[in-house]
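**Q** My questions all concern the structure below.
The values are calculated or read from the model by the stated rules, or taken from the named source; none is laboratory data. Because the structure is a prediction, the values reported are computed rather than measured. Cβ: placed from backbone, ideal geometry, glycine included. Neighbour counts: every protein chain shown. Surface areas here come from the heavy atoms of the whole protein model, side chains and all, with no ligands, DNA or RNA. Shrake-Rupley method; radii C 1.70, N 1.55, O 1.52, S 1.80 Å.
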Amino acid sequence: MGISLNGHVALVTGSSKGLGRQIAMCLGKAGAKVVMNYYNNTPAAEAAFADFEAAECKGILIQADVTDASQIQQMVELTEEKLGVIDIVVANATPLQPQKPIQDYDWDCYQLMIDFFIKSPFLMTRRGMSAMKAAGWGRIINITSEVFQRSIGNFSAYVSAKGGQIGFTRSMATELAPFNITVKLVAPGWIPVERHENDPQEQKDGYRELIPMDRWGVPDDIAGAVAYYASEEAGFVTGQTICVNGGMSPW
(Lines give C-alpha, C1' and ligand atoms only; values in the text may rest on other atoms or scores of the structure.)
Protein backbone atom coordinates (compact mmCIF):
# COMPACT_ATOMS: atom_id res chain seq x y z
CA MET A 1 0.00 0.00 0.00
CA GLY A 2 1.45 3.36 -1.03
CA ILE A 3 1.65 6.58 0.92
CA SER A 4 -1.67 8.43 1.16
CA LEU A 5 -1.88 12.18 1.73
CA ASN A 6 -5.61 12.41 1.10
CA GLY A 7 -7.20 15.26 3.03
CA HIS A 8 -3.99 17.28 3.31
CA VAL A 9 -2.93 20.57 1.72
CA ALA A 10 0.73 21.01 0.83
CA LEU A 11 2.73 24.08 -0.12
CA VAL A 12 5.92 23.44 -2.13
CA THR A 13 8.01 26.55 -2.65
CA GLY A 14 10.11 26.89 -5.77
CA SER A 15 8.19 24.18 -7.60
CA SER A 16 8.24 25.43 -11.20
CA LYS A 17 11.22 23.21 -12.08
CA GLY A 18 13.87 20.87 -10.76
CA LEU A 19 13.37 19.08 -7.45
CA GLY A 20 10.41 21.23 -6.40
CA ARG A 21 8.45 20.35 -9.50
CA GLN A 22 8.82 16.63 -8.86
CA ILE A 23 8.11 16.99 -5.15
CA ALA A 24 4.83 18.77 -5.95
CA MET A 25 3.90 16.06 -8.47
CA CYS A 26 4.68 13.28 -6.00
CA LEU A 27 2.62 14.83 -3.20
CA GLY A 28 -0.23 15.47 -5.63
CA LYS A 29 -0.21 11.86 -6.83
CA ALA A 30 -0.30 10.76 -3.18
CA GLY A 31 -3.59 12.67 -2.80
CA ALA A 32 -2.60 16.02 -1.33
CA LYS A 33 -3.93 19.25 -2.74
CA VAL A 34 -0.78 21.18 -3.66
CA VAL A 35 0.17 24.83 -3.93
CA MET A 36 2.85 25.06 -6.60
CA ASN A 37 4.79 28.23 -5.87
CA TYR A 38 7.18 30.15 -8.10
CA TYR A 39 8.78 33.58 -8.17
CA ASN A 40 9.79 34.81 -11.63
CA ASN A 41 9.70 32.13 -14.37
CA THR A 42 6.06 32.19 -15.41
CA PRO A 43 6.41 30.04 -18.58
CA ALA A 44 8.20 27.28 -16.65
CA ALA A 45 5.67 27.47 -13.84
CA GLU A 46 2.69 27.26 -16.17
CA ALA A 47 4.23 24.30 -18.00
CA ALA A 48 4.88 22.53 -14.69
CA PHE A 49 1.34 23.16 -13.50
CA ALA A 50 -0.10 21.91 -16.81
CA ASP A 51 1.80 18.63 -16.32
CA PHE A 52 0.58 18.52 -12.71
CA GLU A 53 -3.05 18.84 -13.79
CA ALA A 54 -2.55 16.37 -16.66
CA ALA A 55 -1.53 13.83 -14.02
CA GLU A 56 -4.97 14.42 -12.42
CA CYS A 57 -3.46 16.13 -9.40
CA LYS A 58 -5.36 18.87 -7.60
CA GLY A 59 -3.98 22.25 -6.62
CA ILE A 60 -3.24 25.82 -7.59
CA LEU A 61 -0.30 27.80 -8.94
CA ILE A 62 0.74 30.94 -7.01
CA GLN A 63 3.47 33.45 -7.74
CA ALA A 64 5.10 34.78 -4.56
CA ASP A 65 8.46 35.77 -3.15
CA VAL A 66 8.84 33.42 -0.17
CA THR A 67 11.42 35.67 1.48
CA ASP A 68 8.73 38.39 1.85
CA ALA A 69 6.30 38.09 4.78
CA SER A 70 3.49 40.02 3.09
CA GLN A 71 3.61 37.83 -0.01
CA ILE A 72 3.61 34.68 2.13
CA GLN A 73 0.55 36.02 3.93
CA GLN A 74 -1.26 36.63 0.64
CA MET A 75 -0.34 33.17 -0.63
CA VAL A 76 -1.60 31.48 2.53
CA GLU A 77 -4.86 33.44 2.48
CA LEU A 78 -5.48 32.53 -1.17
CA THR A 79 -4.69 28.89 -0.46
CA GLU A 80 -7.12 28.78 2.45
CA GLU A 81 -9.79 30.26 0.22
CA LYS A 82 -9.19 27.83 -2.66
CA LEU A 83 -7.95 24.60 -1.08
CA GLY A 84 -8.12 24.74 2.70
CA VAL A 85 -5.60 25.07 5.51
CA ILE A 86 -1.99 24.22 4.69
CA ASP A 87 -0.71 21.42 6.91
CA ILE A 88 2.37 20.36 4.90
CA VAL A 89 5.05 22.94 4.09
CA VAL A 90 8.03 22.04 1.90
CA ALA A 91 10.64 24.83 1.83
CA ASN A 92 12.48 24.13 -1.41
CA ALA A 93 12.98 27.55 -3.07
CA THR A 94 16.61 28.45 -3.73
CA PRO A 95 18.58 31.20 -5.47
CA LEU A 96 21.61 30.72 -7.69
CA GLN A 97 24.45 29.11 -5.77
CA PRO A 98 27.82 30.56 -6.83
CA GLN A 99 30.88 28.51 -5.89
CA LYS A 100 33.99 30.59 -5.25
CA PRO A 101 36.66 31.25 -2.60
CA ILE A 102 35.69 33.47 0.31
CA GLN A 103 37.73 36.44 -0.93
CA ASP A 104 35.49 36.58 -4.00
CA TYR A 105 32.20 36.71 -2.07
CA ASP A 106 30.51 39.86 -0.85
CA TRP A 107 28.02 40.08 1.99
CA ASP A 108 25.08 40.49 -0.39
CA CYS A 109 25.57 36.90 -1.54
CA TYR A 110 25.69 35.67 2.05
CA GLN A 111 22.55 37.64 2.85
CA LEU A 112 20.72 36.16 -0.13
CA MET A 113 21.50 32.64 1.09
CA ILE A 114 20.35 33.52 4.62
CA ASP A 115 17.13 34.98 3.23
CA PHE A 116 16.26 31.78 1.36
CA PHE A 117 17.44 29.15 3.82
CA ILE A 118 16.76 30.75 7.22
CA LYS A 119 14.44 33.73 6.78
CA SER A 120 12.01 31.98 4.43
CA PRO A 121 11.61 28.81 6.56
CA PHE A 122 11.23 31.06 9.62
CA LEU A 123 8.50 33.15 7.98
CA MET A 124 6.59 30.13 6.72
CA THR A 125 6.88 28.24 10.00
CA ARG A 126 5.70 31.25 12.00
CA ARG A 127 2.77 31.84 9.64
CA GLY A 128 1.69 28.22 9.37
CA MET A 129 2.17 26.79 12.83
CA SER A 130 -0.94 28.32 14.43
CA ALA A 131 -3.27 26.43 12.12
CA MET A 132 -1.20 23.26 12.54
CA LYS A 133 -1.34 23.60 16.33
CA ALA A 134 -5.10 24.05 16.19
CA ALA A 135 -5.43 20.92 14.04
CA GLY A 136 -3.01 18.92 16.16
CA TRP A 137 -1.11 17.85 13.03
CA GLY A 138 1.53 19.35 10.79
CA ARG A 139 4.58 18.65 8.65
CA ILE A 140 7.37 21.13 7.94
CA ILE A 141 10.04 19.78 5.59
CA ASN A 142 13.06 21.88 4.74
CA ILE A 143 15.18 20.96 1.73
CA THR A 144 18.80 21.34 2.75
CA SER A 145 21.91 19.82 1.11
CA GLU A 146 24.68 17.33 1.65
CA VAL A 147 27.18 20.22 1.47
CA PHE A 148 26.96 20.84 5.21
CA GLN A 149 27.67 17.23 6.15
CA ARG A 150 30.45 17.00 3.56
CA SER A 151 32.03 20.39 4.49
CA ILE A 152 32.40 21.51 0.87
CA GLY A 153 35.00 24.25 0.34
CA ASN A 154 34.81 27.30 -1.94
CA PHE A 155 31.09 27.36 -1.18
CA SER A 156 30.98 29.13 2.17
CA ALA A 157 27.90 31.33 1.62
CA TYR A 158 25.69 28.38 0.72
CA VAL A 159 27.19 25.98 3.27
CA SER A 160 26.90 28.53 6.10
CA ALA A 161 23.25 29.25 5.38
CA LYS A 162 22.48 25.54 5.13
CA GLY A 163 24.09 25.07 8.54
CA GLY A 164 21.78 27.72 9.94
CA GLN A 165 18.81 26.07 8.29
CA ILE A 166 19.72 22.76 9.91
CA GLY A 167 20.00 24.42 13.34
CA PHE A 168 16.65 26.18 12.91
CA THR A 169 14.96 22.93 11.89
CA ARG A 170 16.31 21.01 14.86
CA SER A 171 15.22 23.71 17.28
CA MET A 172 11.74 23.89 15.75
CA ALA A 173 11.43 20.11 15.88
CA THR A 174 11.82 20.18 19.66
CA GLU A 175 9.61 23.24 20.13
CA LEU A 176 6.72 21.99 17.99
CA ALA A 177 6.82 18.28 18.84
CA PRO A 178 4.27 18.63 21.69
CA PHE A 179 1.74 19.85 19.12
CA ASN A 180 2.23 16.82 16.81
CA ILE A 181 4.03 19.01 14.27
CA THR A 182 7.14 17.39 12.86
CA VAL A 183 10.00 19.44 11.40
CA LYS A 184 12.52 17.58 9.25
CA LEU A 185 15.23 17.90 6.62
CA VAL A 186 15.88 16.23 3.29
CA ALA A 187 19.49 16.68 2.13
CA PRO A 188 19.93 15.94 -1.58
CA GLY A 189 23.25 15.19 -3.16
CA TRP A 190 24.13 16.66 -6.54
CA ILE A 191 21.04 15.94 -8.64
CA PRO A 192 21.59 17.12 -12.24
CA VAL A 193 18.47 19.24 -12.82
CA GLU A 194 18.08 22.34 -15.01
CA ARG A 195 20.23 24.59 -12.82
CA HIS A 196 23.22 22.31 -13.46
CA GLU A 197 23.03 22.28 -17.25
CA ASN A 198 26.04 24.57 -17.61
CA ASP A 199 28.16 23.12 -14.80
CA PRO A 200 31.63 22.03 -15.95
CA GLN A 201 31.57 18.47 -17.26
CA GLU A 202 34.76 17.59 -15.41
CA GLN A 203 33.08 18.50 -12.11
CA LYS A 204 30.10 16.31 -12.95
CA ASP A 205 32.33 13.41 -13.94
CA GLY A 206 34.41 13.74 -10.77
CA TYR A 207 31.35 13.71 -8.52
CA ARG A 208 29.74 10.84 -10.39
CA GLU A 209 32.80 8.66 -9.83
CA LEU A 210 32.46 9.09 -6.05
CA ILE A 211 28.84 7.93 -5.70
CA PRO A 212 28.87 4.53 -3.93
CA MET A 213 25.57 3.48 -5.53
CA ASP A 214 27.11 4.02 -8.97
CA ARG A 215 24.35 6.15 -10.47
CA TRP A 216 23.15 9.72 -10.51
CA GLY A 217 20.31 10.66 -8.22
CA VAL A 218 17.08 11.80 -9.86
CA PRO A 219 14.33 14.15 -8.64
CA ASP A 220 12.06 11.18 -7.83
CA ASP A 221 14.58 10.07 -5.20
CA ILE A 222 14.13 13.36 -3.36
CA ALA A 223 10.37 13.48 -3.87
CA GLY A 224 9.97 10.00 -2.39
CA ALA A 225 11.83 11.03 0.77
CA VAL A 226 9.65 14.13 1.12
CA ALA A 227 6.45 12.11 0.65
CA TYR A 228 7.55 9.71 3.39
CA TYR A 229 8.33 12.59 5.74
CA ALA A 230 4.89 14.09 5.02
CA SER A 231 3.07 10.84 5.71
CA GLU A 232 1.53 9.28 8.80
CA GLU A 233 4.25 6.64 8.61
CA ALA A 234 6.80 9.30 9.61
CA GLY A 235 4.69 10.71 12.42
CA PHE A 236 7.22 9.77 15.14
CA VAL A 237 10.22 11.10 13.19
CA THR A 238 11.24 14.70 13.78
CA GLY A 239 14.41 16.79 13.86
CA GLN A 240 16.11 14.33 11.52
CA THR A 241 17.95 14.63 8.20
CA ILE A 242 17.71 12.12 5.38
CA CYS A 243 20.76 12.40 3.10
CA VAL A 244 19.58 11.30 -0.34
CA ASN A 245 22.90 10.98 -2.15
CA GLY A 246 23.62 7.35 -2.86
CA GLY A 247 25.90 6.89 0.14
CA MET A 248 28.08 9.99 -0.24
CA SER A 249 27.58 10.86 3.45
CA PRO A 250 26.70 7.63 5.28
CA TRP A 251 26.47 9.06 8.81
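**Q** Please compute the per residue accessible area over the chain with all protein chains in place, 1.4 Å probe, rounded to a whole number of Å².
**A** Accessible area per residue: 47 Å².
**Q** In whole Hz, with x marking every Gly and Pro, tabulate ³J(HN,Hα) for segment 168-175 from phi via Karplus 6.51 cos²θ - 1.76 cosθ + 1.60, θ = phi - 60°.
**A** Result, ordered by residue: 4, 4, 5, 5, 5, 4, 5, 5 Hz.
**Q** Explain nothing, just compute: Karplus ³J(HN,Hα) = 6.51 cos²θ - 1.76 cosθ + 1.60, θ = phi - 60°, for every residue of segment 60-70 in order, whole Hz, x for Gly and Pro.
**A** Computed from phi, the couplings for segment 60-70 are 9, 10, 9, 8, 6, 8, 7, 9, 10, 4, 5 Hz.
**Q** In addition: Could you derive backbone 3J(HN,Hα) for segment 135-143 from the dihedral phi with the Karplus parameters 6.51, -1.76 and 1.60 (θ = phi - 60°), listing whole Hz in sequence and x where the residue is Gly or Pro?
**A** Once rounded to whole Hz, the list reads 7, x, 6, x, 9, 10, 10, 9, 8.
**Q** So, one more: Relative contact order for segment 139-216: what is it in percent, counting Cα pairs under 8 Å that are at least 6 residues apart?
**A** That works out to 36 percent.
**Q** Which one of Trp190, Trp107, Trp137 has the biggest mean-square fluctuation once the chain is modelled by GNM with Cα springs under 10 Å?
**A** Looking only at Trp190, Trp107, Trp137, the largest GNM fluctuation is found for Trp107.
**Q** Once you sort the root eigenvalues of the Cα gyration tensor of the chain as a ≥ b ≥ c, which label holds: rounded (a/c under 1.5), prolate (a/b larger than b/c) or oblate (the other case)?
**A** Numbers: a/c = 1.41, a/b = 1.37, b/c = 1.03.
Cα axes put the chain in the rounded bin.
**Q** Let me ask something additional. Equivalent-ellipsoid semi-axes (√(5λ), Cα gyration tensor) for segment 112-251, whole Å, largest first?
**A** 29, 17, 12
**Q** Once you charge only the Cβ atoms, +1 for Lys and Arg and -1 for Asp and Glu, what is the size of the charge dipole of segment 23-96 about its Cα centre, to the nearest 20 debye?
**A** Details: 4 positive and 10 negative charges, 41 e Å.
Here the size comes out at about 200 debye.
**Q** Could you work out the relative contact order of the chain, using alpha carbon pairs under 8 angstrom and six or more residues apart, expressed as a whole percent?
**A** It comes to 20 percent, rounded to a whole number.
**Q** Quick check on segment 175-251: take the gyration tensor over C-alpha atoms, sort the square-rooted eigenvalues as a ≥ b ≥ c, and tell me if it's rounded (a/c under 1.5), prolate or oblate.
**A** prolate
**Q** For the chain, set up a Gaussian network in which alpha carbons nearer than 10 Å are linked by springs, and say which option among Asn198, Asn142, Asn180 fluctuates the most.
**A** Of Asn198, Asn142, Asn180, the Gaussian network model singles out Asn198 as fluctuating most.
**Q** In whole angstrom, note down how far apart the Cα centers of segment 183-221 and segment 16-84 are.
**A** When both Cα centres are located, 24 Å separates them.
**Q** Further, regarding this structure: What's the longest bit of the chain with no exposed trypsin sites (Lys or Arg not before Pro), using DSSP loop states and at most 14 other Cβ atoms within 10 Å as the test?
**A** Answer - 59-214.
**Q** Here's something else I'd like to know. If each DSSP helix of 4+ residues adds -39,500 (n - 2.57) and the sum is divided by the residues in the chain, what number results at 222 nm, nearest 500 deg cm²/dmol?
**A** Mean residue ellipticity at 222 nm (helix-derived): -13500 deg cm²/dmol.
**Q** Classify segment 1-121 from the C-alpha gyration tensor, please: rounded if a/c falls under 1.5, else prolate or oblate depending on whether a/b exceeds b/c. Can you show the working numbers first?
**A** Numbers: a/c = 2.14, a/b = 1.80, b/c = 1.19.
Since a/c reaches 1.5 and a/b is larger than b/c, the shape of segment 1-121 is classed as prolate.
**Q** Using only alpha carbon pairs under 8 Å that are at least six residues apart, calculate the relative contact order of segment 3-139 and give it in whole percent.
**A** The value is 25 percent.
**Q** Most mobile of Ser130, Ser156, Ser231 per a Gaussian network model of the chain (Cα springs, under 10 Å)?
**A** Most flexible of the set in this elastic network: Ser130.
**Q** Here is a further query. Of Leu112, Phe236, Tyr38, which is farthest along the charge dipole of the chain in the positive direction, counting Lys and Arg as +1 and Asp and Glu as -1 at C-beta?
**A** Phe236
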